[in-house]
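Written below as structure tokens is the structure these notes are about.
FYI, it's all coordinate maths here, none of it is from the lab. What you are looking at is a predicted structure, and each value in this text was computed from that prediction instead of being measured. When we count neighbours, we look across all protein chains shown, and the Cβ atoms used for this are built from the backbone with ideal geometry, even at glycine.
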Ligand code: FES
């Protein structure tokens, strides 16, 4: 079976192609998009991104395929820090 390519549309309007299992950080770098980091162990939430409406912690997740092979990514917003 061949790996299907996944198109990622970033909130900076750049688009990149990734494969299932790729790192969110390397994909973001290719797009010129910066995912903030903190603990890198999955506990602080600094790296949270919104992928097709679902919150993902980039440091403990890899890119997964979704129906249609298109992922739309934005940074999640924190209501406590967005005032
Ligand atoms: S960097 Fe802390 S949860 Fe990802």
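Taking the stretch 26-40 as the range and being in contact (Cβ under 8 Å) with a residue 12 or more places away in the chain and farther than 20 Å from residue 70 by Cβ as the test, the residues that pass are 36, 37, 39, 40.
Across the stretch 23-82, the qualifying residues are those that are assigned to a strand (DSSP E or B) and loosely packed, with under 14 Cβ neighbours inside 10 Å, and the one among them that is farthest from the ligand (Cβ to nearest atom) is 70.
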